[in-house]
Amino acid sequence: MPVGPARANIDPVSPRPPVPDGERTIGDEDWYGRDLSGQSWTRYSFVDTDLTEVVDEGAVFDECTFSGVRFNASRHTGAAFTNCTFHRCTFFDTVFTDCKFVGSLFQRSSFTLLEVHGGDWSFVGLPGADLRRAVFDGVRMREADLTAARLEKASVTSCDLSAAMLHGSKLAGADLRGSDLSALDPLTVELSGAVIELDQAAAICTALGLRVL
């Protein structure tokens, strides 16, 4: 029986929520509109916290857990969310600019109108994520886990997707121009209507075993 590619992180559909450390837990807090710039948290758990319209320049979250957190309409620039877990979070109209998410995992979260500009999202786990119409522009996403992710009509432009896991992903109608598609197996993804450039088309043809003369 064929086995699919290994995932970068743990199974995103685990029914068990993260178990918080009581001494480092921020729960049921209303941080609406706060400025978190320059602040730092390590191994904290944020539970059912409202971060709507938060602004953040250079904040650092390392090995933190976010469960049921609302990031709606928040703006983050130059921030770091490294090795974090996001469980059942909402990212409505959220914008991340030049942020670092290396090693983070997203579980059962929603991403309506998400925009990511620049930054490093390498080794991020987004398997099964609904990223329809999301924007990723100029993002480093090396070895990101996008297994079975929904990216229909998303804009994934000028991104480094080298060694990314794309098995079963849906890219119909997506704008993929300028992105590294060397890890893409066209036989295992949906590409109908996707927008690509000539050099990308040649790489896909090669992956299909065709000769481009």
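Any read-out appearing in this document is the output of simple, stated calculations on the displayed coordinates, not a laboratory observation. Remember, predicted model here, so these are calculated numbers, not experimental data. For neighbour counting, all protein chains shown are included, and Cβ atoms are generated from backbone atoms with ideal geometry for every residue, glycine included.
Rounded to whole numbers, the Karplus 3J(HN,Hα) couplings from phi for segment 151-163 are 10, 4, 6, 7, 10, 10, 10, 6, 9, 8, 9, 4, 6 Hz, using 6.51 cos²θ - 1.76 cosθ + 1.60 with θ = phi - 60°, and x at Gly and Pro.
How about segment 151-213: which GluC sites (Glu not before Pro) there lie in a loop by DSSP and see at most 16 other Cβ atoms within 10 Å? Here the sparse-neighbourhood loop sites are 197.
Among 149, 201, 183, the residue with the largest mean-square fluctuation in a Gaussian network model of the chain, with springs joining Cα atoms closer than 10 Å, is 201. Phi angles of segment 123-129 translate, via the Karplus equation with coefficients 6.51, -1.76, 1.60 and θ = phi - 60°, into HN-Hα couplings of 6, 6, x, 10, x, x, 5 Hz per residue; Gly and Pro are given as x. The tail of the calculated P(r) for segment 69-213 beyond 23 Å holds 28 percent of all Cα-Cα pairs. Sorting 32, 44 from the fewest to the most surrounding beta carbons within 10 angstrom yields 32, 44. If R0 is 30 Å, the Cβ-Cβ spacing of residue 211 and residue 143 corresponds to a FRET efficiency of close to 0.55. Could you tell me which of rounded, prolate or oblate describes segment 154-196, using a ≥ b ≥ c as the square roots of the eigenvalues of the alpha-carbon gyration tensor, with rounded for a/c under 1.5 and, failing that, prolate when a/b is larger than b/c and oblate otherwise? Cα axes put segment 154-196 in the oblate bin. Each helix, a run of at least 4 DSSP H residues, gives -39500 (n - 2.57); summed and divided by the residues of the chain, these come to -1500 deg cm²/dmol at 222 nm.
Largest mean-square fluctuation among 109, 40, 169, in a Gaussian network model of the chain whose springs join Cα atoms under 10 Å apart, belongs to 40.
Result for the chain in a Gaussian network model with C-alpha springs under 10 Å: among 33, 125, 103, the largest mean-square fluctuation is at 33.
Amide H contacts for residue 108 (H built 1.01 Å from N in the peptide plane; partners 5 or more residues away or on another chain; cut-off under 5 Å): 88.
Sorted fewest first by neighbouring Cβ atoms within 10 angstrom, 47, 195, 156, 189 come out as 195, 47, 189, 156.
This ranking places 26, 196 by how few other beta-carbon atoms lie within 10 Å of each, fewest first, which gives 26, 196.
Here the Karplus relation 6.51 cos²θ - 1.76 cosθ + 1.60, evaluated at θ = phi - 60°, turns the backbone of segment 100-116 into coupling constants of 10, 10, 3, x, 8, 10, 10, 10, 6, 9, 10, 9, 5, 6, 5, 10, 10 Hz, with x for every Gly and Pro. Counted residue by residue at 0.36 nm each, then reduced by the alpha carbon distance between them, the extension gain from residue 202 to residue 113 reaches 28.9 nm.
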